[in-house]
Amino acid sequence: MTLSSLAFLALLEITPQTPVPAPATAEPAATAATPVPSDLPPGVKVMKAIPVEDPTTINLDGVPKAKSAAPRIVFSQCRVNSNVIALTFDDGPHPQNTPRLLDMLKERGIKATFFLIGKSAATWPAVVKRIVDEGHEVANHTWDHKQLSIMAEKKVMDELQKTHSAILNACGVAPSLYRPPYGAIKLTQKKTIMEHFHYPTILWDVDTLDWKSPRSIAKVHDTILKEAKPGSIILCHDIHVETIDAMPTTLDDLKARGCQFLTVSQLIKLEAETPAAPVVAPAATPAVAPPAVEPAPAKPAE
Ligand code: NI
């Protein structure tokens, strides 16, 4: 379950989200000199970088950061130059819906990422094991889906640690990513979580709003087909039956467009191996500091 709009995220997130501009001209095919990640599905091509204003290379005042800037720790999408996306499913595992989804993914050879609730992972460990056995990625979505941004640090660490252990116990694989419930997380918390767990914060750039009534197959399908672009991280929830029902046509239509599917970790790796984009110099106008106003915590929509 998530808050309904990226507008909320834009308020809460300190790092601005920057849409990836379309290249002005068609990109040339990959050259032999371009490094190709070893664990990508066959056929995924890595092409020459296009200039992209990467949020992690720009400070809050718009001034480019020095080259020694810290590695990126928040991802709403990835900067890639091939037709790849990451499907993500939150709030499971669910004892019926998740296995149904796994059947659909397996039939099509598609890998996805599952942001699991620790309490549910401890309740249905066999489903977690199946997710991993079939080549998908498991990630941490806290123990019981409370809002981390209003929580004391020790409680945040407990939420993540208990879930980390539950997933590891269920499938033998430790998660390496987390997503905060509702996308609600403070910058200081993101840094602390990276230090303690080495988890980057994973958000999304395509929100199916599949948790929100009225739920429908068409809403999930149409949102994904309309909004997905190269490097997208797509938010779905495998606890809702309509979302699962939407998947066969959604997956087939994406495949028909030539779309390929990576786990979130694979997508991040692909971005890291994509040649860095040049940083655009700022305009010669004085930088204006952002207002020092902390947005009020938004009420979870569900
Ligand atoms: Ni959630």
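Among 254-261, 156-163, 195-202, 113-120, the peptide with the highest mean count of other Cβ atoms within 10 Å heads the list, and the full ranking is 113-120, 156-163, 195-202, 254-261. Both radii were evaluated on the Cα set of the range 161-246; the Rg over Rh quotient, with Rh as the Kirkwood radius, amounts to 1.03. Dividing the mean sequence gap of close Cα pairs (under 8 Å, 6+ apart) by how many residues the range 78-199 holds gives a relative contact order of 24 percent.
With the cut-off at 1.5 for a/c, could you classify the range 61-191 from its C-alpha gyration tensor as rounded, prolate or oblate? The shape class here is oblate. Taking a ≥ b ≥ c as the square roots of the eigenvalues of the Cα gyration tensor, the range 88-157 is classed as prolate, since a/c reaches at least 1.5 and a/b is larger than b/c. Seen from a random direction on average, the alpha-carbon convex hull of the range 205-257 projects onto 3.3 square nanometres.
Net charge within 15 Å of Val127 by Cβ-Cβ distance, Lys/Arg positive one each and Asp/Glu negative one each, not counting Val127 itself? Value of the local net charge: -2.
Take the Cα of Val173, step 7 Å toward its Cβ, do the same at Met157, and the gap between the two points is 2.8 nm.
Packing order of peptides 205-214, 179-188, highest average first: 179-188, 205-214 (average count of other Cβ atoms within 10 Å over each peptide's residues). If you sort the three axes of the alpha carbon gyration tensor as a ≥ b ≥ c, you get a/c of 1.5 or more for the range 183-229 and a/b above b/c, which makes it prolate.
Readers should treat all values here as calculations from the given coordinates under stated rules, not as data from a laboratory. Note that the coordinates shown come from a computational prediction; the quantities given were computed from them, not determined experimentally. Don't worry about glycine lacking a Cβ; one is built from the backbone with ideal geometry, like all the others, and counts go over all protein chains shown.
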